[in-house]
Amino acid sequence: MEKKYVCDMTKGNEMGLLLRFAVPMLIGNIFQQFYNMVDSVIVGKFVGANALGAVGSVGSLNFLFFSLCIGLGSGIGILISQYFGAGQDEYVKKINANAVYITIGTGFFMSLFAVFLAEPILHAMHTPPEAFADAKTYMQIVCGGTVIVAGYNTVSCILRALGDSKTPLIFLVTACAINVVLDLLFVVNFHMGVAGAALATVIAQLFSMIGSILFGMWKNPYLKLKKRHFVFDREIVKKSFQIGIPMASQNALIAFSCVALQSVVNRFGPVVMAAYTATGRVEQLVQQPFGSLGTAVSTFAGQNAGAGDYERVSKGCKMSVYLVIGFSAVMIVVMFLFGNPIVSLFVNDPEVIEIGAKGLRITSCMYVGLGLIYVMRGMLNGVGDAMFAMLNGATEVVGRIGFAWILMMIPAVGMWGVWYTNGLTWVLTGAFCLIRFLQGKWRTKSMVDSAKMEKS
């Protein structure tokens, strides 16, 4: 089989392969975050600080509803990477075909759920009255497009599992340009407010989903599927859920912890909400090198675990940790020197800028913990250590709720506790991931071992 649009990561220099995979991922992730940044900048500048706070308050909810789809897509990707590493090409195609059923079903369910439950959820989060209407509108439109996010995410996970991180990049870049144009058109020209920003994002995501699917079917040999591949395979669905549900639970737990912390932020009022939103957008951008490297490690680990080469998995993971430490050091310097002008990109309010800049300085000191989470979690998920994924998500819940509860009781800490909570949660969760790696139990978690003799 021709393998022009795939990359076998079981051979060759580990660092070279990781960087070759991660760099296109990084570019793609930056453009993906640019979606959010464009929404925030345009909403903050042309609609106002209250609207910006409303958009930000929904961000963690968006992720909560996306989490099931993202988790299942990632589970499918891990399954594919392991069987690809094991050389079972026909079985990989069957997984790809059955992914269609999983994606459509979960995507539509979460879309409907989010739309109909938006109002009671926002009330439960103590969303301020002045931001409630905008938050509800933004949530219903963006979360209503969850099925679109599910489609794009699944096909991206499939392509990346096969070592192709460039194709998703192509369509993210194009979709980003569409998003910018539509944001300006809907918000600035048509005065549609947060509804316009949300609609622009959904339309852009729709383009990236359709484009990546069609291009993948045209160019990637593993997506050139025949009727026989679409026979519903209960075993494949079972394995996908076996990995995907714990990962979805991990994402859901993380999102829940963010929602819980956002509810604390909301109690401090619109100014702190706007500052927290701005710092959140900046940190989403900072996280992209970590996230890209984590995804690269996940694919690398999955393919090599499928091939049975666990020493190579360990070596690649350790190299990635060195990259995390170096990047974290650079970011600390950037945030301390340029925190104020960075936050001023989002809002004009001097009070919001001052609060946001200090928040960035607080959390930047704990970026190493954040980077460890991405790299270690990527490796552990890649080898199929699925139950740890759920435990890891629970750690973030304990961290964000526990640290917030403790810090909020200290009068001298006050609103700064929300930023300290995030940073300390990263350190706690990163340490937990590192301990799991050092224990070595992940060496026995491959999904391929129990199924090598299955008929493809």
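Please specify each residue of the stretch 43-78 satisfying the condition of being among the hydrophobic types (A, V, I, L, M, F, W, C) and more than 17 Å from V271 (Cα to Cα).
At the first step, the residues of the stretch 43-78 found to be among the hydrophobic types (A, V, I, L, M, F, W, C) are 43, 46-47, 49, 51-52, 54-55, 58, 61, 63-66, 68-70, 72, 76, 78.
Those that are among the hydrophobic types (A, V, I, L, M, F, W, C) and more than 17 Å from V271 (Cα to Cα): L61, F63, L64, F65, F66, L68, C69, I70, L72, I76, I78.
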Query - Matching entry among A394, A412, A404 (being within 30 Å of K239 (Cβ to Cβ) and either assigned to a loop (DSSP other than H, G, I, E, B) or in contact (Cβ under 8 Å) with a residue 24 or more places away in the chain (or both)) - result: A394
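Would you say I362 is surrounded by fewer than 22 Cβ atoms within 10 Å (Cβ to Cβ), more than 26 Å from R160 (Cβ to Cβ), in contact with a Gly (Cβ under 8 Å, 6 or more places away or on another chain) and in contact (Cβ under 8 Å) with a residue 60 or more places away in the chain?
Numbers: surrounded by fewer than 22 Cβ atoms within 10 Å (Cβ to Cβ): yes; more than 26 Å from R160 (Cβ to Cβ): yes; in contact with a Gly (Cβ under 8 Å, 6 or more places away or on another chain): yes; in contact (Cβ under 8 Å) with a residue 60 or more places away in the chain: yes.
Answer is yes for this residue.
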Report summary line: Y322 meets each of (1) within 25 Å of C7 (Cα to Cα); (2) in contact (Cβ under 8 Å) with a residue 12 or more places away in the chain; (3) surrounded by fewer than 23 Cβ atoms within 10 Å (Cβ to Cβ) with one exception, condition (2)
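Any residue at all in the stretch 424-442 that is within 18 Å of G244 (Cα to Cα) and part of a helix (DSSP H, G or I)? Don't jump to the end; show me each part of the working.
First pass over the stretch 424-442, keeping only residues within 18 Å of G244 (Cα to Cα): 442.
Okay, now just the ones that are also part of a helix (DSSP H, G or I), so 442.
Yes, the stretch 424-442 contains at least one residue that is within 18 Å of G244 (Cα to Cα) and part of a helix (DSSP H, G or I).
Being under 21 Å from N153 (Cα atoms), buried (at least 24 other Cβ atoms within 10 Å of the Cβ) and of a type in the set (S, T, N, Q) is true for just one of S257, S249, S292. Which residue is that?
Working: S257 fails: under 21 Å from N153 (Cα atoms); S249 fails: buried (at least 24 other Cβ atoms within 10 Å of the Cβ).
Being under 21 Å from N153 (Cα atoms), buried (at least 24 other Cβ atoms within 10 Å of the Cβ) and of a type in the set (S, T, N, Q) holds for just one of S257, S249, S292, which is S292.
When the residues of the stretch 226-241 are filtered to those that are among the aliphatic types (A, V, I, L, M) and part of a helix (DSSP H, G or I), which remaining residue is nearest to K93 (Cα to Cα)?
The first filter runs over the stretch 226-241 and keeps only residues among the aliphatic types (A, V, I, L, M), leaving 231, 236-237.
Then drop every residue that is not part of a helix (DSSP H, G or I), which leaves 236-237.
Numbers: I236: 11, V237: 13 Å.
Out of the qualifying residues, it is I236.
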Report summary line: Apart from one, (1) surrounded by 23 or more Cβ atoms within 10 Å (Cβ to Cβ); (2) under 30 Å from K94 (Cα atoms); (3) among the β-branched types (V, I, T) all hold for V265; the odd one out is (2)
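Scan the stretch 308-319 and give yes if some residue there is part of a loop (DSSP other than H, G, I, E, B), polar (S, T, N, Q) and surrounded by fewer than 24 Cβ atoms within 10 Å (Cβ to Cβ), otherwise no. Quick ask: steps written out before the conclusion?
Start the filter on the stretch 308-319 by keeping residues that are part of a loop (DSSP other than H, G, I, E, B), which leaves 308-309.
Retained after the next criterion (residues that are polar (S, T, N, Q)): none.
Within the stretch 308-319, none of the residues are part of a loop (DSSP other than H, G, I, E, B), polar (S, T, N, Q) and surrounded by fewer than 24 Cβ atoms within 10 Å (Cβ to Cβ).
Residues checked against (1) among the hydroxyl-bearing types (S, T, Y); (2) within 30 Å of P350 (Cα to Cα); (3) at pLDDT 85 or above; (4) in contact with a Gly (Cβ under 9 Å, 6 or more places away or on another chain):
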{"site": "S257", "(1), (2), (3), (4)": "yes, yes, yes, yes"}
{"site": "F268", "(1), (2), (3), (4)": "no, yes, yes, yes"}
{"site": "V297", "(1), (2), (3), (4)": "no, no, yes, yes"}
{"site": "G306", "(1), (2), (3), (4)": "no, no, yes, yes"}
Requested in this report: Select, from V375, V427, the only residue that is buried (at least 22 other Cβ atoms within 10 Å of the Cβ) and among the β-branched types (V, I, T).
Outcome: V375
Requested in this report: Show the residue pairs that are 6+ apart or on different chains and have beta-carbon atoms under 6 Å apart, the first residue being within the stretch 201-213 and farther than 22 Å from M139 by Cβ, the second being of a type in the set (F, W, Y) and surrounded by 24 or more Cβ atoms within 10 Å (Cβ to Cβ).
Outcome: G211/F171; S212/F171
Report task. Examine the stretch 277-289 for a residue that is crowded, with 21+ Cβ neighbours inside 10 Å, modelled with pLDDT of 90 or more, of a type in the set (G, A, S) and at negative phi, and state whether such a residue exists. Result -> no
**Report entry** the stretch 260-307, subset aromatic (F, W, Y) and part of a helix (DSSP H, G or I), residue nearest to T363 (Cα to Cα)
**Finding:** Y276
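This table checks each residue for (1) crowded, with 20+ Cβ neighbours inside 10 Å; (2) part of a helix (DSSP H, G or I); (3) in contact (Cβ under 8 Å) with a residue 24 or more places away in the chain.
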site: Q82; (1), (2), (3): yes, yes, yes
site: K94; (1), (2), (3): yes, yes, yes
site: T106; (1), (2), (3): yes, yes, yes
site: L112; (1), (2), (3): no, yes, no
site: L117; (1), (2), (3): no, yes, no
site: C143; (1), (2), (3): yes, yes, yes
site: V149; (1), (2), (3): yes, yes, yes
site: D164; (1), (2), (3): yes, no, yes
Query raised in the report: Which one of the conditions (1) in contact with a Gly (Cβ under 6 Å, 6 or more places away or on another chain); (2) over 20 Å from S111 (Cβ atoms); (3) not polar (S, T, N, Q) does A133 fail to meet, given that it meets all the rest?
Result: (1)
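The values are calculated or read from the model by the stated rules, or taken from the named source; none is laboratory data. Just so it is clear, the structure is predicted and the values come from calculations on it, not from any experiment. Here the Cβ is made from the backbone with ideal geometry for all residues, glycine too, and neighbour counts use every protein chain on show.
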